[in-house]
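The values are calculated or read from the model by the stated rules, or taken from the named source; none is laboratory data. Everything quoted here is computed from the prediction, not taken from an experiment. Positions of Cβ are backbone-derived with ideal geometry, glycine not excepted, and every protein chain shown enters the neighbour counts. Quick note on the areas: whole protein, heavy atoms, side chains included, nothing else; ligands and nucleic acids left out. Shrake-Rupley method; radii C 1.70, N 1.55, O 1.52, S 1.80 Å.
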Amino acid sequence: MKDLFSRPIAQATGLPVRALISGEGETAAFSRARAFELSDIPLDGDATQFWFDESRISDATLAYLARCGLDASTLVVGYEMSAQTRAALDRIGAPWVDVWLHPIRFYDDVLFGFRASHPEVHAAFAAFHVPEDQFHLYADRIRIQTYKGWKKAEARIEPGAAVFVGQRMEDKSVCRDGRMLNLLDFREEFSALARRTPQLLYQRHPFERTGDEAVLDFVASHPKAELSRHPVYHLLSSPDLAEVMTISSSVAQEAVYFDKPVTLLHRPVVAFSDPMAPGQFHSICQDFVSPHFWAAALAPLTATRADAPKVGFLDPKDKIR
């Protein structure tokens, strides 16, 4: 992210941009381990997702962060920052921009969700927000491709079928109060879905290769349930698919644009239907590579260039993906 954001932010503001990278030893500019040690929080440095109680962050840790350059005069641009990290920055008074991978994955390039702690900065992102009508258009295109064109490949499933979309066993999207949820936490909901549908497909996450054996055994214990062999967009495009259920997979949010009823058992990680509502994100595609984007967004915080150039890829498709 530093390599992609540093130049346009510096061009827009004239301010120095640096990465805060954790290191160890006396010469390290910042030590993640030291920050937690000052709050007496044992750090599991090997954990994929490290959850901690934000109320335990001590004044000593906040003072340490200030010595590392994190204070009210510093804008922090972070990627998928935890609620605890944002809370610590709020206590310091450091404004932040939080960037998350967007749940809509069928666009011409990767989308990102942007939100900011400063309300005027957050409002400024609205000028670059991708409208939801665009998502409906792209979903319609995918649906048409399943029965016309060279990508034609209909998913042959029973009318009225349902799909349960699985997720990675270790993913922040399934984290609730420090615990990773999985299908076994929702046995009753899955079994009820299996009873009311003629066919239940379990869409295993394509990157999950091991560790979910108990989940697969539970799925196999239902006579009408089976592992899906279909690409997920072929399923969503099928007129025979009647329902989608998941813990918090992005597919649940994509399914809306294919007009599928959705049951979300936890919560969406990135909410964007009302980007000005508390906690919601703006949908942004590629504009963040341009100085003019940051000049407009950061103007409420600092002096920015009125003539910041607007730059972009000549052929924008799939450049960030």
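For region 105-210, what does the accessible surface come to per residue with a 1.4 Å probe? Please give it in Å².
Details: 5690 Å² over 106 residues.
Ligands and nucleic acids excluded, the result is 54 Å² per residue.
Tally Lys and Arg at +1 and Asp and Glu at -1 over the other residues with C-beta under 12 Å from the C-beta of W51: what net charge comes out?
On the way: positive: R56, K172, R176, R179; negative: D44, D53, E54, E170, D177.
In short, -1.
To the nearest 500 deg cm²/dmol, what mean residue ellipticity at 222 nm is calculated for the chain from DSSP H runs of n ≥ 4 alone, each contributing -39,500 (n - 2.57), summed and divided by the residues? Before the final figure, lay out each step's value.
Working: 11 runs with 95 residues, N = 321.
Helix contribution divided over all residues of the chain: -8000 deg cm²/dmol.
If you build a Gaussian network model of the chain, linking Cα atoms that sit under 10 Å apart, which residue out of A225, A214, A155 swings the most?
Largest GNM mean-square fluctuation: A214.
Counting Lys and Arg as +1 and Asp and Glu as -1, what is the net charge of the other residues whose Cβ lies under 12 Å from the Cβ of L216? Present the calculation step by step, with values, prior to reporting the outcome.
Working: positive: R204, R209; negative: E208, D212, E213, D217, E226.
That sum, taken over residues with Cβ under 12 Å, equals -3.
Using a 1.4 Å probe over the heavy atoms of the protein chains, calculate the carbon and sulfur portion of the accessible area of region 263-321 as a whole percent. Mind showing how you got there, number by number?
On the way: 1710 of 3040 Å².
The value for region 263-321 is 56 percent carbon and sulfur by accessible area.
Counting only C-alpha contacts under 8 Å and six or more residues apart, can you give the relative contact order of the chain as a whole percent? List each step's numbers first, then the result.
Values: 515 pairs, mean separation 68.9, N = 321.
Reported as a whole number, the value is 21 percent.
Counting only protein chains, not ligands or nucleic acids, how are K319, K260 ordered by accessible area (probe 1.4 Å), most first?
Working: K319 90, K260 25 Å².
So, going from the largest accessible area down, we get K319, K260.
Would you please classify the overall shape of region 74-181 from the alpha carbon gyration tensor, given that a ≥ b ≥ c denote the square roots of the eigenvalues, rounded means a/c under 1.5, and beyond that prolate means a/b larger than b/c while oblate covers the rest? Intermediate results must be reported in sequence, preceding the final value.
Values: a/c = 3.67, a/b = 1.69, b/c = 2.17.
Note, shape of region 74-181 comes out oblate.
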